[in-house]
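As structure tokens, the structure follows; a few thoughts come after it.
The values are calculated or read from the model by the stated rules, or taken from the named source; none is laboratory data. Keep in mind it's a predicted model, so treat the numbers as computed, not measured. We work out accessible area using only protein heavy atoms, side chains counted, and drop any ligands, DNA or RNA first. Shrake-Rupley method; radii C 1.70, N 1.55, O 1.52, S 1.80 Å.
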Amino acid sequence: MRLTPTAWAKLVFLRDYGPTEVGGFGITTSDHLLQIDDVMLVRQRCTETFVAFDDESVAEFFENQIDAHLRPEQFARIWIHTHPADSAEPSPTDHETFERVFGHCDWAVMLILARNDSTHAELHWRQEGPVRLPMDVLVDSGEPFPESDFAAWEEEYVASVQRLSTHSLDLDDSLDAKSHSLHDPFEPPCPDITPPFQTHPDTP
């Protein structure tokens, strides 16, 4: 898995801007599907151990990418989130969420960035599988890339991320009317995706 220096800088910025987890999607070009050129957020509610995407925001994101003439494999195959602590290892719920939401895709990637810059990436391949493959994460400066735009990244973060304290969030009831779904009137990139889209460690 490769990221352009700008995509890496943005991901680090989003990780460090607040104390919570943050989630989004990796954006690629059609000829480099495993190189992330941008990281894009959707509206979400977050704590230090939890991310819940807003269903309407995800639908809007998908529509906007389709309108921009991107194919689903360019914007809906790489799920990214951060860990505020120093471990990038996925929790059991990270694995469960990834399998449930992306399990019907022909392929998908989960990428996690922790506070100390440690990473975890794995590719799930469904054709003649399923197969789960660990991936190295590299910052690739071999392709042209734009400069950092901290003001725009801050604006995207502020518009997308709603911080919640862990004590104010009942994880069992956190997604009531806004339980996350990737369904939309256009054909979804991965059929039969079901809500909720959330991550948090297993709790007693």
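Remarks
- Gyration tensor (alpha-carbon) shape descriptor, region 1-70, a/c threshold 1.5: oblate
- Dividing the mean sequence gap of close Cα pairs (under 8 Å, 6+ apart) by how many residues region 1-143 holds gives a relative contact order of 25 percent.
- For region 1-116: accessible area per residue (Å², 1.4 Å): 34 Å²
- Taking amide H atoms as placed 1.01 Å from N in the peptide plane, the amide H of His83 lies under 5 Å from those of Leu113, Ala114, Arg115, each 5 or more residues away in sequence or on another chain.
- Overall form of region 43-166 per C-alpha gyration tensor (a/c, 1.5; a/b vs b/c): rounded
- Region 2-50 and region 100-115: distance between their alpha carbon centers, rounded to Å: 13 Å
- Percent accessible area from carbon and sulfur atoms, region 1-102, protein chains only, probe 1.4 Å: 51 percent
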